[in-house]
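The values are calculated or read from the model by the stated rules, or taken from the named source; none is laboratory data. Note that this is a predicted model, so its numbers are computed, not measured. For neighbour counting, all protein chains shown are included, and Cβ atoms are generated from backbone atoms with ideal geometry for every residue, glycine included. Note: areas computed on protein heavy atoms with side chains; ligands, DNA, RNA excluded. Shrake-Rupley method; radii C 1.70, N 1.55, O 1.52, S 1.80 Å.
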Amino acid sequence: MSFETMRAAPLPGEFLQGVKASLPVIIGAAPFGLLFGALAVENGLSVPEAVLMSATVYGGASQMVGIELFGQTVAPWLIVLSIFAVNFRHVLYSGAIGRRIGSWPAARQALGFFFLVDPQYAEAEVKGQRGEAISFLWYMGMALPIYVLWVATSWLGAAFGALIPDPAALGIDFLLPLYFFGLVMEFRERKPWLPVVALSAAASIAAYHLVGSPWHVSIGAAAGILFAVMRPAGAGGDDR
Amino acid sequence: MSTTLWIILAAAAATYLTRVGGHLVLSRFERVHPRVEAGLEAVPAAVLTTLVAPAAAAGGPAELAALTVAGLVALRGGMIATFLSGAAVLIVLRQLIG
């Protein structure tokens with residue numbers, strides 16, 4: 001048993017706390033799993049291929065981009081490169097969260113990084129910000145339900161895709177942005193929050209229209225992060 | 001193996017590389033420069049904002065009302081309350097105003 005799980009809450013409690021953090025993600029992501037499965041089959045993937053993609057790539061937006069390209073006659077390496085580009089933001093997550101889970105045994109780290117999707121990263125940062133240790137049990141308690149749900153809904157969507165009703169009527173297409181907005185709000189104490197959010201928002205909206213998706217993520221993120229990096233050193237911390 | 005399978009597995013490997021790569025690079029340094037530290041601190045707000053902003057900018061009254069309510073709830077409540085209140089506003093308003 002590792003050091004951080006020993007000094008944390010009782011073990012089942014840690015795992016269940018993680019499961020609790022996964023609940024909004026499950027509500028928000030399930031429709032996209034179904035949608036991905038349905039679109040994957042529509043774009044020529046078999047049901048096992050669609051499930052395999054969800055189980056191994058495990059990144060919603062990049063999978064959507066991938067199957068979009070599968071439907072056209074695009075060179076294989078270009079599909080892989082596009083998926084890599086969409087997922088490039090995880091490099092930042094990895095560098096940031098590595099500071100919190102770097103004391104885990106190597107095998108647990110190797111496993112943990114596989115599950116490092118957007119909400120997993122963000123909830124871990126929120127927890128770390130509260131001064132709590134990121135235990136392996138908490139991390140997997142959040143990761144496993146999301147992963148199982150993602151693979152299962154992908155299979156359901158691929159197998160029964162034609163039965164899916166119009167997602168827009170239920171507001172489903174906006175649930176994940178709403179969830180991520182809630183997470184953005186969770187970091188509002190971390191200065192310089194407002195300028196970073198304002199710059200990233202403006203840059204991502206501009207890039208979305210001028211360059212296109214998925215580049216708006218990298219471009220928008222770069223704008224906010226560069227501001228934080230370039231800020232005069234004396235301004236760091238808690239003054240504004 | 002089919003080309004599709006190879007593409008999926010290569011994409012999976014490339015994705016795993018992004019998830020483990022940032023840590024592998026950073027952990028090679030004894031100390032992280034304060035400016036890099038400041039950049040890493042800004043990662044959540046910066047990246048997560050880009051997942052919201054274009055959808056919010058394209059949103060109508062229902063979406064903006066949902067974000068407003070969620071933002072107000074976020075000032076007092078936790079993450080789950082924030083999400084559920086925004087989702088409730090969104091779904092009700094979409095039913096009412098299409």
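Among A:Ser54, A:Ser213, A:Ser62, the largest mean-square fluctuation in a Gaussian network model of chain A, built with springs joining Cα atoms closer than 10 Å, belongs to A:Ser213.
Can you check what the net charge comes to around A:Ile67, using other residues whose Cβ is under 13 Å from the Cβ of A:Ile67 (Lys, Arg +1; Asp, Glu -1)?
Values: positive: none; negative: A:Glu42, A:Glu49, A:Glu68.
Every neighbour counted, the sum reads -3.
Given charges of +1 on the Cβ of Lys and Arg and -1 on the Cβ of Asp and Glu, with all other atoms neutral, how large is the dipole of chain A about its Cα centre, in debye to the nearest 20? Kindly include the intermediate steps, with their values, before the conclusion.
On the way: 13 positive and 15 negative charges, 142 e Å.
Roughly 680 debye, rounded to the nearest 20.
When the Debye formula is applied to the Cα atoms of region B:44-98, each taken as the same point scatterer, what base-10 log of I(q)/I(0) results at q = 0.12, 0.17 Å⁻¹? After summing over all Cα pairs, the log10 values are -0.28, -0.55. Sparse packing (at most 12 other Cβ atoms within 10 Å of the Cβ) combined with a DSSP loop state is found for the following GluC sites (Glu not before Pro) in region B:1-82: B:Glu30. In the protein assembly as shown, the calculated helix contribution to ellipticity at 222 nm averages -24500 deg cm²/dmol per residue, counting -39,500 (n - 2.57) for every DSSP H run with n ≥ 4.
What percent does the relative contact order of region A:22-151 come to when contacts are Cα pairs within less than 8 Å and at least six residues apart? List each step's numbers first, then the result.
Details: 100 pairs, mean separation 43.3, N = 130.
Relative CO of region A:22-151 lands at 33 percent.
Per residue of A:114-126, other chain Cβ atoms within 10 Å of the residue Cβ number 3 on average.
Quick one: plug the Kirkwood hydrodynamic radius of region A:191-231 (C-alpha pairs) into Stokes-Einstein at 37 °C, 0.692 mPa s, and report D in µm²/s. Don't skip to the answer; put the middle values down first.
Values: Rh = 9.8 Å.
The Stokes-Einstein estimate is 336 µm²/s.
Along chain B, the exposed loop sites are trypsin sites (Lys or Arg not before Pro) outside DSSP states H, G, I, E and B with at most 14 other Cβ atoms within 10 Å, and the longest stretch free of them is B:32-98. Pairs of C-alpha atoms in the protein assembly as shown farther apart than 29 Å represent 37 percent of all such pairs. Ranked from largest to smallest solvent-accessible area, with a 1.4 Å probe on the protein heavy atoms, A:Tyr121, A:Tyr208 come out as A:Tyr208, A:Tyr121.
Long hydrophobic helices in chain A: the complete DSSP H runs spanning 30 Å or more by Cα along their own axis with mean Kyte-Doolittle hydropathy of at least 1.0 are A:11-42, A:136-160. Ranked from largest, the principal axis spans of the Cα set of region A:3-176 equal 52, 35, 26 Å.
When chain A is treated as a GNM with alpha-carbon contacts under 10 Å, the residue of A:Ala203, A:Ala21, A:Ala38 showing the greatest mean-square fluctuation is A:Ala203.
Over all directions, the projected convex hull of the C-alpha atoms in chain B averages 11.0 nm² in area.
What region B:13-98 shows is 49 Å² of accessible area per residue, with the surface traced by a 1.4 Å probe over protein heavy atoms.
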